[in-house]
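S.K.: Please see the structure below; I have some questions.
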């Protein structure tokens, strides 16, 4: 029985569960959307009636002082103030008893003016104890309230609601439903993986390995304490059969045993599933902790803007980017040194410490008074993030053997990418509905939940036989920064890619979305698009890279595609243009990210042999993360100089130029190397 066949069974079972979940969630989403659509217009009309009743009472109060209805002053100003507080109102109008307009705020369509004078409407409102009436006139919902202080109709107060506004809310609701549907599917997949996926996958893998060994004539292997599920029972039956074969082998004579031993293997060897089980446990705590930080992506710049205080010598745009820059800088600088510390104190203890620091950081961020203490709290969050990230990465190295190291890092990267899909979209919805501070409180709660999952990890680490990689030194930096091949990869590819990611996706997009009148939820959806594209395209691009595609071409093409998205504001400035920016950014990053790491080994092969993997990749990762820190600063400076649209275009042209220079530079280096070899 082949391993691929057994894995196919696992994925078919997962597919059935996911299909059932998708059908159920789709049905719930559809009926929820239909119910919301039926209730929205009446609810908005009810709100208009409530506001109109308050305005009418003020008018009636003024009439009680002996002021004539037609002689009222300041009505239009009051209408304008109320309309500004209620953006769903298209206009507010007061008419006389014949429907002629006396006061108004907002533009009234001609067909609605005719509705004001319709005898049917006026007669119904002139009846004793007449109530408010709502009618759809063209594309306007018109709410009409009679003004009749003594029972005699003096006029009518009309409030208009544009049907397009209602449709916009319906579209927002539909998008929220779709986002929740996608997030629920990913959460379900994570839950399946946590509850049964790793266990089932490991069980199928162990069964396939055992059957393959028996097929090859190896009857010496036993599984360690089979589980009480179906796979465990099959493994137990296989063990019993192998044990009986060994018993019969022992009863044979020496000559017969020697003849069989030449062809088959017998004995008693026990294998352990401990490493595989321990490796699978890292995904849940890592996913939960990373999700806490990803929730804040869409609304953090706006939260900073709300706490903004003047900083001498710095513009507001740069100040807004400071918390993001500081966070990225602490993570970049701290990771090489925190790795060795987490190995000394133990990965589990380090992750517990990082999650506890994260709880304190998020809780304090939720209670921040101004920019200055916010910078302190975000620095604490960054320290917790760096500790958990490095400790989790070290945990994978500790418990993964060479044969399953790729699987271990797939778990690691998969948890991060799923959190990146789920976090921003849900975080934007939280920010719009419960506010920024409560959303940070939810992040603190997620850190606390991650501590529960961390508590399930083994208390001791498995570092036997693995030599820790040393952190890069100042001498390593000096040697590599004067190396043309290394510098072309970092300065023209890795750093520009990260500058574009953080500058555009984490800084410009959330602020620009709000600036053009959209919501934090929309910003979250946009960032979610980036993560979804990365999850779908990155594995395909990685396979192309491994199959022999020219990696520098993939990197240059990825940078160019990412940069081209930033030119879309030249065409349009609506949210759909931002969708295109993020889509192309995700596509370009997915094409280049795997090839960038592989190119370090390709272009710097001599340096890796001379200095070792640790220093070369350590310097590369640190410079790459410094690009993360520079992104918001560069974007802020460009916003000051060119506004948002100009910033998108300028940073994109910069990265496009880097992609061309990188492609030319690497091509020249390869030609020079080929000429030298000849």
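The values are calculated or read from the model by the stated rules, or taken from the named source; none is laboratory data. Everything numeric in this text was worked out from a predicted model, so none of it was measured. Cβ coordinates were reconstructed from backbone atoms using ideal geometry, including for glycine residues, and neighbour counts include every protein chain displayed.
This table checks each residue for (1) modelled with pLDDT of 75 or more; (2) surrounded by 15 or more Cβ atoms within 10 Å (Cβ to Cβ).
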| position | (1), (2) |
| --- | --- |
| 211 | yes, yes |
| 227 | no, yes |
| 230 | no, no |
| 240 | yes, no |
| 249 | yes, yes |
| 255 | yes, no |
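S.K.: Now for a different question. When you scan segment 559-678 for helices (runs of 4 or more DSSP H) that lie fully inside it, which ones turn up with 3 or more residues that are at pLDDT 75 or above, under 26 Å from the mean Cα position of the chain (by Cα) and under 30 Å from residue 339 (Cα atoms)?
M.R.: Counting at least 3 such residues, we get 575-603, 613-677.
S.K.: Still on this structure, I have one more. Let me spell it out: the conditions are (1) in the same structural domain as residue 48 (by TED's automatic domain parsing); (2) touching a residue at least 60 places away in the same chain (Cβ under 8 Å), and residue 175 meets all of them except one. Which number is the exception?
M.R.: The number of the failed condition is (1).
S.K.: Would you mind finding the one in 60, 28 that is in contact (Cβ under 8 Å) with a residue 12 or more places away in the chain and in a helix (DSSP H, G or I)?
M.R.: Going through 60, 28 in turn, just one is in contact (Cβ under 8 Å) with a residue 12 or more places away in the chain and in a helix (DSSP H, G or I): 60.
S.K.: Additional query: Look through segment 215-225, keep the residues that are surrounded by 16 or more Cβ atoms within 10 Å (Cβ to Cβ) and closer than 15 Å to residue 240 by Cβ, and return whichever of them is modelled with the lowest pLDDT.
M.R.: In this case the residue turns out to be 223.
S.K.: List pairs: first in segment 535-546 and in the same structural domain as residue 596 (by TED's automatic domain parsing) and buried (at least 18 other Cβ atoms within 10 Å of the Cβ), second modelled with pLDDT under 70 and outside any helix (DSSP H, G or I), Cβ under 9 Å, 6+ apart or cross-chain?
M.R.: 541/549
S.K.: Can you give me the ranges of the helices (runs of 4 or more DSSP H) entirely in segment 66-156 with at least 2 residues that are more than 18 Å from residue 49 (Cα to Cα) and more than 53 Å from the chain's Cα centre (by Cα)?
M.R.: 119-125
S.K.: Name the one entry in 298, 323 that is within 29 Å of residue 526 (Cα to Cα), touching a residue at least 40 places away in the same chain (Cβ under 8 Å) and in a loop (DSSP other than H, G, I, E, B).
M.R.: From the options 298, 323, the qualifying one is 298.
S.K.: Sticking with this structure for a sec: Pick from 299, 337, 289: which is closer than 26 Å to residue 622 by Cα and in contact with a helix residue (DSSP H, G or I) (Cβ under 7 Å, 6 or more places away or on another chain)?
M.R.: Unique residue meeting the criteria: 289.
S.K.: Is it the case, given these coordinates, that residue 500 is under 23 Å from residue 593 (Cα atoms), assigned to a helix (DSSP H, G or I) and touching a helix residue (DSSP H, G or I) at 6+ places or on another chain (Cβ under 6 Å)?
M.R.: When the stated conditions are applied, residue 500 passes them.
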